[in-house]
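A quick write-up on the structure given underneath.
The values are calculated or read from the model by the stated rules, or taken from the named source; none is laboratory data. Only a predicted model underlies this, so the values are computations on that prediction, with no experimental measurement involved. Methodologically, a virtual Cβ is constructed for each residue, glycine included, from the backbone with ideal geometry; neighbour enumeration extends over all protein chains shown. The area values use the complete protein model at the heavy-atom level, side chains included, leaving out ligands, DNA and RNA. Shrake-Rupley method; radii C 1.70, N 1.55, O 1.52, S 1.80 Å.
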Amino acid sequence: MKHVLYCLVFGVGWLFGTAAQAQEAKPAFKTRFSVGAGFTPEWFVEKGADRGQFFPTFGVAFEAQFTRRSGIEVGIYDRSRRESWTEYQPIETKLVDYPPDRYTPIKRSERGHRLSFRGGYKLSTEFLDLGAGLVYDLRLGQMDGGSLGYQRGDADLIGPYLTLSRNIVLYKGLSLELQVQVNPVFYVRERNEGYAGTFVGPGIRLKYGF
């Protein structure tokens, strides 16, 4: 029985000693920082709309990783869209015989522009990175092809975001990040309360770590 106890004590001591040596051999983690620029072809699935609007979103982001798994990310993006459609305006005439087509087609277009601020937490794993946080969209204005000019919008948006990403090392500190994101947003102003829609889409970002 004593030999069994001696073996158990020796085995436990050996395991703890091996773990301590592995911990000592493992280099201490240093805080990592990275900056990057990316492109996200997003679709805005608007509440009550039959189809989504396309937003070719560009932006820059900054990341700080404080532990091997945890970090934060902040970024600023330009969410802009351009949409064109055709309206048919009735033709007013006093002729007795109306023309075959009583409507004339009018081409219209609209450009929307938003400045998007993002900040949140990022969990890093061996396979995928998970990001979650908050987005605030500041609506700078829109240009309507049928109006007199550039008009300032009055509906800012706010909402949570969730991203799944994979980081691919290209060369030393240079890496390529592929991601998919979902961002439901809500109206900020009181007269436009409630859910507005959801931004969804893939993304690609070129990053440099230091």
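Considered as a group, the residues in the range 107-129 that are open to solvent by 50 Å² or more (accessible area, probe 1.4 Å) and over 30 Å from Leu162 (Cβ atoms) include one that is modelled with the lowest pLDDT, and that residue is Arg108. Give the residue that is nearest to Gly197 (Cα to Cα), with candidates limited to residues of the range 131-157 that are exposed (fewer than 14 other Cβ atoms within 10 Å of the Cβ) and modelled with pLDDT of 95 or more. Per the stated criteria, the residue is Leu134.
Please go through the range 158-210 and give me each residue that is open to solvent by 70 Å² or more (accessible area, probe 1.4 Å) and touching a residue at least 40 places away in the same chain (Cβ under 8 Å), ordered by number. Within the range 158-210, Tyr195, Ile204, Leu206, Tyr208, Phe210 qualify.
Taking every residue in the range 60-72 that is assigned to a loop (DSSP other than H, G, I, E, B) and pairing it with any residue that is open to solvent by 40 Å² or more (accessible area, probe 1.4 Å) and of a type outside the set (A, V, I, L, M, F, W, C), at least 6 positions away or on another chain, the pairs with Cβ-Cβ distances below 9 Å are Phe66/Thr31; Phe66/Arg32; Thr67/Thr31; Arg69/Thr125.
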